[in-house]
Amino acid sequence: MNRLKKEKSPYLLQHASNPVDWYPWGTEAFAQAEKEDKPIFLSIGYSTCHWCHVMAHESFEDAEVAQLLNREFISIKVDREERPDIDAVYMAACQALTGAGGWPLTILMTADQKPFWTGTYLPKKSVYGRPGLMELLDSVRQQWRLNREKMISAGEEITAFLQASGSNSQMPPVNPDKALIYHAVQDLKDTFDERWGGFGNEPKFPIPHNIIFLLQYASYEKDSDALHIAEHTLRQMYRGGIFDHLGGGFSRYSTDKRWLVPHFEKMLYDNALLVSAYTEAFHITQDPFYAAVAKQTLRYVLRELTDSQGGFYCGQDADSDGIEGKYYLFTRQEIDAVLGKQKGSLISNWLGVTQQGNFEGKNILNLLNNPDYEKMPEDIESLCQKLYDYRLERTRLHKDDKILTSWNSLMIAAMAKAGWMLNEPACLQAAVRAQQFIKNALIGKNGRLMLRWRQGEAAHDGQLDDYAFYAYALLALYRATLQADYLQEAAEIAAQMWDLFWDENSGGFFLYSREGEQLISRPKETYDGALPSGNSVAAAVLEELSKLTGEVKWQDRSYRQICFLTGESRGYPSGHSMGLIAVAKALYPSRELICATAEKRAPEELTFFLCENSHPDLTVLLINKENMDKLIQAAPFIRDYPVPDDKTVYYLCKNGACNSPVDNLEALKEQFKSE
């Protein structure tokens with residue numbers, strides 16, 4: 001225990017067992033600094049500050065940091081709520097020097113309390129262009145010995161400035177590693193098909209993670225061109241024959257550049273990723289068109305690819321009776337025979353059906369020449385239903401009814417996302433049910449994931465995709481429900497993933513486990529093709545866990561994985577778009593919202609706010625009396641957040657700096673606006 005053990009402040013007591021030899025603010029500390037001829041390291045925060053806890057766990061509980069601080073500095077801890085005066089003085093200094101401020105506030109100063117360096121959160125070591133605490137302290141140590149007069153002079157100048165004037169705001173510096181993201185965006189812009197949407201020439205694949213990457217990039221950078229590319233591609237894919245305009249859902253890919261002629265098989269993972277893309281587009285634009293496409297696709301999955309026990313089947317074949325596309329193709333005469341000439345003419349005009357056909361004398365239903373494609377009239381909708389019912393009886397599709405952990409996880413994530421963003425409770429319920437199926441049927445007695453389930457049998461050791469995608473699904477369920485169980489299990493699965501697949505020598509995750517059958521090679525996949533790579537999804541999982549839990553372990557692992565992916569993707573950035581989504585979340589400013597509430601679930605006002613506003617940089621934690629014990633297991637720092645008896649309190653932090661808590665949504669909205 002250090003000198004803070006006698007203090008009453010909860011914040012100071014949180015640091016009383018640090019190996020850092022903290023002093024409380026007072027004459028003893030200043031006298032000691034004068035006596036030992038040392039600079040002062042001042043840290044200001046408060047007990048419910050997210051990034052204060054991060055820095056504490058990362059640095060102030062670390063023996064290496066403590067050794068350097070104790071040897072070369074006098075360290076002082078201040079609770080800003082107990083001493084707002086001290087906080088105000090040094091916050092002004094920070095804002096004057098850096099153009100920003102927040103907590104934890106970090107100050108280096110002389111024994112006479114004059115600051116010569118200011119900042120907020122610092123990682124232990126340099127990362128993402130942000131200076132590291134160890135490097136900073138070592139530099140100051142050297143300069144204090146070799147060039148002290150310059151530091152003292154700086155302190156004098158800053159003090160004089162504070163006495164004379166206020167501060168001006170400046171934008172934070174741009175991290176140079178964003179060049180990788182810019183390169184990927186430019187590649188996609190260069191290969192974009194302005195007329196038909198998508199990228200490159202035929203065959204055209206949807207590659208939904210490219211679209212999600214562009215949508216989120218457009219949000220980060222306010223890039224209207226990136227948004228246009230994503231939106232136009234989503235619209236043209238829906239209008240083409242790659243989308244099933246009777247039954248919903250997307251086929252595998254298009255053999256032509258117009259998206260007209262698909263490879264007719266439908267796969268679970270394509271539809272899962274596309275639902276995520278259309279849902280993301282709706283969340284960003286609030287255009288109901290995208291919500292409608294996502295809902296149609298989800299209805300298809302629930303109707304045709306869902307097992308009675310809740311899992312999702314792999315997909316449906318392209319062939320019927322040995323003929324590719326037979327299930328989907330119609331002649332004009334056939335439609336007239338089913339619906340009558342008048343109604344047949346009506347739906348044929350809507351869906352581009354002609355006498356001559358557009359594929360081997362028959363018709364692939366499409367909306368490519370329909371200018372009114374965005375909203376289907378009710379009479380057309382009812383006719384589509386009649387044709388769909390007829391099609392079901394006309395011929396059958398082979399269905400692959402095995403259940404894969406990885407693909408199911410992608411659909412769970414998509415349904416959870418759509419459940420809350422589109423206000424579709426049935427989809428959220430389906431996601432919850434499917435996750436429970438995996439938990440009951442695809443986790444062995446040893447706690448390890450299995451790869452496949454069919455007809456009551458689970459088989460094959462889970463591989464990287466199973467672990468990464470399942471953890472990804474659990475985090476999606478947490479975002480949708482804010483139930484602590486999902487966050488806790490996601491952390492447990494990610495820990496197993498790290499233990500089983502991580503390459504300690506070179507970084508990155510192997511495709512299969514160290515406990516599994518060892519083949520003649522053990523590859524690592526990073527390219528994001530039709531499916532995002534396990535390494536990319538693992539990066540997304542680790543980065544989100546690092547934000548949600550505040551744990552040094554996850555921050556370190558996320559950083560190491562993102563560094564690995566960065567190295568792997570430099571030659572072809574746009575081929576690693578899912579990985580770059582994770583990289584972007586690490587590089588761009590992040591926001592963390594903690595909602596401490598007396599209610600048993602998330603307040604409705606918060607739910608509506610999150611649904612109606614897109615914040616790709618935001619993570620949310622919900623704390624109440626019911627979930628506190630469980631949540632502490634995943635995110636120990638939240639034990640210091642008081643749960644109010646009769647209201648809700650919001651704590652918003654941005655990029656390592658925390659705002660003052662507020663107890664109403666309007667005040668929270670103002671904090672979002674000011675960011």
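For this structure, a couple of remarks:
- Region 361-400: number of residues that are of a type in the set (D, E, K, R) and part of a loop (DSSP other than H, G, I, E, B): 4
- Breaking point among (1) over 34 Å from the mean Cα position of the chain (by Cα); (2) surrounded by fewer than 17 Cβ atoms within 10 Å (Cβ to Cβ); (3) at pLDDT below 95, for GLY99: (1)
- Single residue of ALA92, ALA88 found to be within 35 Å of the chain's Cα centre (by Cα), over 26 Å from ASP138 (Cβ atoms) and without any contact (Cβ under 8 Å) to a residue 24 or more places away in the chain: ALA88
- Filtered by the rule that a residue be in a loop (DSSP other than H, G, I, E, B) and farther than 16 Å from THR106 by Cα, region 22-32 gives a lone residue, GLY26.
- For the criterion of being charged (D, E, K, R), within 30 Å of ALA426 (Cα to Cα) and in contact with a His (Cβ under 6 Å, 6 or more places away or on another chain), ASP317 passes.
- Looking across LYS445, LYS524, LYS439, one residue alone is in contact with a Phe, Trp or Tyr (Cβ under 6 Å, 6 or more places away or on another chain), free of Cβ contacts under 8 Å to residues at least 60 places away in the same chain and charged (D, E, K, R). It is LYS524.
- Looking only at region 502-524, and only at residues there that are in contact with a strand residue (DSSP E or B) (Cβ under 9 Å, 6 or more places away or on another chain) and surrounded by 15 or more Cβ atoms within 10 Å (Cβ to Cβ), the one that is farthest from PHE205 (Cα to Cα): GLY516
- Hey, ILE594 in contact with a strand residue (DSSP E or B) (Cβ under 7 Å, 6 or more places away or on another chain), open to solvent by less than 10 Å² (accessible area, probe 1.4 Å) and among the β-branched types (Val, Ile, Thr) or not: yes
- Annotation: of all residues in region 525-562 being under 21 Å from ILE632 (Cα atoms) and touching a strand residue (DSSP E or B) at 6+ places or on another chain (Cβ under 6 Å), the one that is most open to solvent (accessible area, probe 1.4 Å) is LYS547.
- Within region 563-584, residues that are over 19 Å from ASP617 (Cβ atoms) and open to solvent by less than 10 Å² (accessible area, probe 1.4 Å) have Cβ atoms under 9 Å from residues that are in a helix (DSSP H, G or I) and of a type in the set (Phe, Trp, Tyr) in these pairs: PRO573/TYR182, counting only partners at least 6 apart in sequence or on another chain.
- Qualifying residues in region 36-68 (those that are closer than 20 Å to MET1 by Cβ and not in a helix (DSSP H, G or I)) - the one farthest from the chain's Cα centre (by Cα): PHE41
- Among the residues of region 568-599, those that are among the acidic types (Asp, Glu) and closer than 30 Å to VAL649 by Cα comprise GLU592, GLU599.
- Among the residues making up region 360-369, a single one is at pLDDT 95 or above, farther than 10 Å from PHE330 by Cα and either over 36 Å from the mean Cα position of the chain (by Cα) or exposed (fewer than 12 other Cβ atoms within 10 Å of the Cβ) (or both): ASN369.
- Within region 1-30, being open to solvent by less than 70 Å² (accessible area, probe 1.4 Å), over 40 Å from the mean Cα position of the chain (by Cα) and without any contact (Cβ under 8 Å) to a residue 40 or more places away in the chain holds for one residue alone: GLY26.
- GLY129 vs. criteria out of contact with any helix residue (DSSP H, G or I) (no Cβ under 9 Å at 6 or more places or on another chain), surrounded by fewer than 23 Cβ atoms within 10 Å (Cβ to Cβ) and on the phi > 0 side of the Ramachandran plot: no
- Residue in region 620-632 that is under 17 Å from CYS49 (Cα atoms) and touching a His at 6+ places or on another chain (Cβ under 7 Å) present: no
- In region 313-334, the residues that are open to solvent by less than 40 Å² (accessible area, probe 1.4 Å) and part of a loop (DSSP other than H, G, I, E, B): TYR313, CYS314, ALA318, GLY325, TYR327, TYR328, LEU329, THR331
- The lone criterion from (1) outside any helix (DSSP H, G or I); (2) over 18 Å from the mean Cα position of the chain (by Cα); (3) not polar (S, T, N, Q) left unmet by ARG639 is number (1).
- Every residue from region 335-359 that is among the charged types (D, E, K, R) and either open to solvent by 40 Å² or more (accessible area, probe 1.4 Å) or within 39 Å of the chain's Cα centre (by Cα) (or both): LYS341, LYS343
- Within region 625-635, the set of residues being out of contact with any helix residue (DSSP H, G or I) (no Cβ under 8 Å at 6 or more places or on another chain) and either in contact (Cβ under 8 Å) with a residue 24 or more places away in the chain or not in a helix (DSSP H, G or I) (or both) comprises LYS625, GLU626.
- Test for GLU61: is it open to solvent by 20 Å² or more (accessible area, probe 1.4 Å), farther than 24 Å from ARG130 by Cα and acidic (Asp, Glu): no
- Considering residues of region 644-668 that are open to solvent by less than 30 Å² (accessible area, probe 1.4 Å) and part of a loop (DSSP other than H, G, I, E, B) only, the residue modelled with the highest pLDDT: PRO644
- Applying a threshold of 9 Å to beta carbon distances and a minimum spacing of six or more residues, or different chains, the list of pairs starting in region 656-675 at a residue that is farther than 26 Å from SER43 by Cα and ending at one that is open to solvent by 50 Å² or more (accessible area, probe 1.4 Å) and assigned to a strand (DSSP E or B) is empty.
- Residue match in region 604-624 (condition: open to solvent by 60 Å² or more (accessible area, probe 1.4 Å), at pLDDT 90 or above, more than 23 Å from HIS283 (Cα to Cα) and assigned to a loop (DSSP other than H, G, I, E, B)): no
- Scanning region 69-93 for residues that are part of a loop (DSSP other than H, G, I, E, B) and out of contact with any helix residue (DSSP H, G or I) (no Cβ under 9 Å at 6 or more places or on another chain) yields a count of 1.
The values are calculated or read from the model by the stated rules, or taken from the named source; none is laboratory data. Note that the structure is predicted; figures quoted are calculated from it, not measured. Because the Cβ atoms are built from the backbone with ideal geometry, glycine has one as well, and the counts that use them run over all protein chains shown. Note: areas computed on protein heavy atoms with side chains; ligands, DNA, RNA excluded. Shrake-Rupley method; radii C 1.70, N 1.55, O 1.52, S 1.80 Å.
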